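Reading through the structure tokens given below for one structure.
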Amino acid sequence: MELAKLETFSTERVGFVRAHTTDGDVGIGQFAPYNADITATVFHRQVADHALGRTIEDIGALADEIVEAEYKYPWSYVCRATGGLDTALWDLRGKRQGEPVVSLLGGEPTSVPVYGSSMRQEIDVDAEAERLARLRDESGFEAFKIRTGDWSSKGDDEDAWPGRTEELVPAVREAVGDDVTLLIDANSSYTPERAIEIGEGILAPNDVAYFEEPCPYWELEWTAEVTDALDDVTVTGGEQDTDLAQWRRMIGMDAVELVQPDVCYIGGLSRTLQVAELAADAGLPCIPHSANRSMVTVFALHLLAAIDNPGPYAEFTIEDDWAGGLLSPELTVEDGEVAVPSGPGWGVEVDPDWFDRAEYGVSELDEATGA
Ligand SMILES: [Mg+2]
């Protein structure tokens, strides 16, 4: 049961890994969306050879081993490519054992409450308020995340939409009512001074629960300053962070109060579990970043239903995004919850027609040399 063949199927938008063992088992994993065709190239050039010939028992350590072996090319693409491999191996292991990944992790395929996640910074204030109130009624969402700031503002402010934050937050609060939990994502927009001003002046008075990525994410001290200053709003972050040493620093300095690793950015489920454990040891909850309806949300659901320190909701996009129809069964919200797919492995299949349209790549074990 060594890994014998690793296939990739990719477009610019998204890509998948199909991992085959010598005895014929198959598992499927996914690369982080966007520039996934570049990730597939990196996969075959820098990742596949580390994995071919290895056994499925190596799964936990393999992702770290690859990231460390490729230390001249840290983070980003190597982690994205490794994430495709690692998630395929978890699927393979689940299918071999006839169990969903959540069960391999000690959990059960239950339903997970989700927050409806708006991806639109530019949307008109009234339109945002109206659609969230409608989705609350239609699908039973009990929490929503909205976007403030402007990620191109280089830590200053929302140059593109002056005054929008001040208008948006109370308008949404009024539209959805007091029983709905509100979350804010600033996408690295603010200086600490501005973030604290917004936190105290707009978020706390409108009972906003979480303030995500208030400052440029690489400025850990800035984020820690905001966390320290705001008593009534929980500061969250980490979706961009793929370096486990950086995660230890972030948690050690109390930069964030809830961690949001992305399974596909960081290098797969195995590395995400390490972040969740670091957070658990520090008494912090974890909600993986999952901003579209591809497999990244499936990975997040399995993880949240298994770990000891889940946050109260999984992230679930409310946009009709490009991943609609890609997976079966499709993820759907009922009474504000999404069921963890309960079939073996990740419990989902990718649309076969999509595979037919994608760019193909393959790396295989050389039987003669075993490499
Ligand atoms: Mg975010």
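Checking each residue in the range 86-121 for being aromatic (Phe, Trp, Tyr) and assigned to a helix (DSSP H, G or I) picks out only TRP90. Set side by side, the residues VAL256, VAL298 differ, and just one is within 16 Å of the ligand (Cβ to nearest atom), aliphatic (A, V, I, L, M) and under 22 Å from VAL114 (Cβ atoms), which is VAL256. Somewhere in the range 318-326, is a residue buried (at least 19 other Cβ atoms within 10 Å of the Cβ), more than 17 Å from the chain's Cα centre (by Cα) and not basic (Lys, Arg)? Yes, the conditions are met somewhere in the range 318-326.
Filtered by the rule that a residue be within 16 Å of the ligand (Cβ to nearest atom) and of a type outside the set (A, V, I, L, M, F, W, C), the range 182-221 gives ASP185, ASN187, SER188, SER189, TYR190, TYR210, GLU212, GLU213, PRO214, PRO216, TYR217, GLU219. A count restricted to the range 1-45 and to residues that are within 22 Å of ASP58 (Cα to Cα), of a type in the set (Val, Ile, Thr) and either modelled with pLDDT under 95 or outside any loop (DSSP other than H, G, I, E, B) (or both) stands at 6. Does LEU273 qualify as being among the aliphatic types (A, V, I, L, M) and touching a residue at least 60 places away in the same chain (Cβ under 8 Å)? Criteria met by LEU273. Listed here are the helices (runs of 4 or more DSSP H) enclosed by the range 249-334 that have at least 2 residues being closer than 22 Å to LEU132 by Cβ and not assigned by TED's automatic domain parsing to the domain that holds GLU57: 295-304. For the range 259-271, filtered to residues that are over 9 Å from the mean Cα position of the chain (by Cα) and under 15 Å from ASP91 (Cβ atoms), the residue that is farthest from the ligand (Cβ to nearest atom) is SER270. Considered as a group, the residues in the range 222-246 that are closer than 19 Å to CYS286 by Cβ and aliphatic (A, V, I, L, M) include one that is nearest to the ligand (Cβ to nearest atom), and that residue is VAL235.
The values are calculated or read from the model by the stated rules, or taken from the named source; none is laboratory data. Quantities reported herein were computed from a predicted structural model and do not represent experimental measurements. Because the Cβ atoms are built from the backbone with ideal geometry, glycine has one as well, and the counts that use them run over all protein chains shown.
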